[in-house]
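Data block below; observations after.
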Amino acid sequence: MNCLQEKTAEILLAASGESRKDALGNAFAKFKKEAYKQLDEALILQMEPMEVEILEEKVVETTERFLFIFMPKVKTQVQLKVRILTRLKFINP
């Protein structure tokens, strides 16, 4: 009896970070949690992203200053909305 099953799922995520690389890393960290939520009790053996699409990218730059005048420092925050189409192989107990 073969209990290995396969499913294709589309997962939409929002993530942010100090750079685009950090934001994508945070999105893929959330991706794993969302995949487990979609399959409830199943044991996921393999997650293979087939397509990754950035739906929206927003870069927010803020300038911080010490005592409102001295030492300006620019902070960057990148916010992404990502759609990941993935193939999940799992065992359903």
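Under the simplified labelling scheme, the Ile69-Gln5 pair shows an inter-label distance of 6.8 nm, with each label point 7 Å from Cα along Cα→Cβ.
Less than 14 Å Cβ to Cβ from Glu53, Lys/Arg counted +1 and Asp/Glu -1: what total charge do the surrounding residues give?
Details: positive: Lys81, Arg83; negative: Glu10, Glu51, Glu56, Glu57.
Within the 14 Å Cβ shell, the charges total -2.
What GluC sites (Glu not before Pro) does the chain have in DSSP loop regions with at most 14 other beta carbons within 10 Å? Intermediate values should be presented prior to the final figure.
On the way: sites: Glu6, Glu10, Glu18, Glu34, Glu41, Glu51, Glu53, Glu56, Glu57, Glu61, Glu64; in loops: Glu18, Glu41.
Sparse-neighbourhood loop GluC sites (Glu not before Pro): Glu18, Glu41.
With neighbours defined as other Cβ atoms within 10 Å of a residue's Cβ, the residues Leu12, Leu67, Leu39 order from fewest to most as Leu67, Leu12, Leu39.
As a footprinting exposure proxy, order Met47, Met71 by other Cβ within 10 Å, with the fewest listed first. Provide the component values of the computation, followed by the final result.
Values: Met47 18, Met71 8.
Lowest count first: Met71, Met47.
Per-residue Cβ neighbour counts within 10 Å put Ile44, Ile11 in the sequence Ile44, Ile11, beginning with the fewest.
Residue by residue, the range 14-30 carries 3J(HN,Hα) couplings of 10, 8, 9, x, 6, 9, 5, 4, 5, 5, 5, x, 5, 5, 6, 5, 6 Hz when phi is fed to the Karplus relation 6.51 cos²θ - 1.76 cosθ + 1.60 (θ = phi - 60°); x denotes Gly or Pro. A simple charge model with +1 on the Cβ of Lys and Arg, -1 on the Cβ of Asp and Glu and nothing else charged puts the dipole of the chain at about 260 debye relative to its Cα centre. Taken over the C-alpha atoms, the chain has Rg and Dmax values of 18.7, 72 angstrom.
Loop-located trypsin sites (Lys or Arg not before Pro) in the chain (DSSP state other than H, G, I, E, B) with a sparse environment of at most 14 neighbouring Cβ atoms within 10 Å are absent. In sequence order, the range 42-54 has phi-based couplings of 6, 9, 7, 9, 8, 10, 10, x, 9, 8, 10, 10, 8 Hz under the Karplus curve 6.51 cos²θ - 1.76 cosθ + 1.60, θ = phi - 60°, and Gly or Pro positions carry x.
Readers should treat all values here as calculations from the given coordinates under stated rules, not as data from a laboratory. As the structure is a computational prediction, the values presented were derived from the model and not from experiment. With ideal geometry, Cβ positions are generated from the backbone for all residues, glycine too; neighbour counts draw on all protein chains shown.
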